[in-house]
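Take a look at the structure set out below.
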Amino acid sequence: MYSLQPIRSQEDYKASLKEIERLFEAPQGTPEFDRLEILVTLVEAYENKHEPIVMPDLIEAILYYLESRGLTQQHSVRERQPEMSGDFMKMENNQELEDELRPEYNYSKVN
């Protein structure tokens, strides 16, 4: 059985992931479930320290979104919202741009 310990190396990390996989279906309220929660916390701390997820630059994210769908800047907000004029890069703020790119998602309500 894997002993609980800080994750200090890639080997510790891999062993922790294997143990999490083994305990994944543990019923809530059992010692195995408690162990699973502790391991998940340790793995999250290790990942945040050693493999942080960097948020992309907003412009890079938009360009990726367009490119991945075979679109160009001309296919952007202007064609979806004909009453708007000018390049989408000239929008007043990021919130307005995000609302136009994904109108179904309200970014202002994210905690």
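The values are calculated or read from the model by the stated rules, or taken from the named source; none is laboratory data. Please read these numbers as outputs of a predicted model, since none were measured by experiment. Quick reminder, even Gly has a Cβ in these numbers, built from the backbone with ideal geometry, and neighbours come from all protein chains shown. To get the accessible areas, we keep the full protein, side chains included, count just its heavy atoms, and leave off ligands, DNA and RNA. Shrake-Rupley method; radii C 1.70, N 1.55, O 1.52, S 1.80 Å.
DSSP loop (so not H, G, I, E, B), at most 14 other Cβ within 10 Å: list which trypsin sites (Lys or Arg not before Pro) in the range 1-76 pass both filters.
Arg8, Arg69
Roughly to the nearest percent, how much of the accessible area of the range 1-51 is carbon and sulfur, given a 1.4 Å probe?
53 percent
Rounded to the nearest 0.05, what FRET efficiency do Thr72 and Glu51 have when you use their Cβ-Cβ distance and R0 = 25 Å?
After rounding to 0.05, the efficiency reads 0.15.
How much length would be gained if the chain were fully extended between Asp12 and Leu58, taking 0.36 nm per residue of separation minus their Cα-Cα distance, in nm to one decimal?
Length difference between fully extended and current span is 13.0 nm.
Just to verify a number: what accessible area does Thr30 come out at with the full protein assembly present, 1.4 Å probe, Å² rounded to tens?
30 Å²
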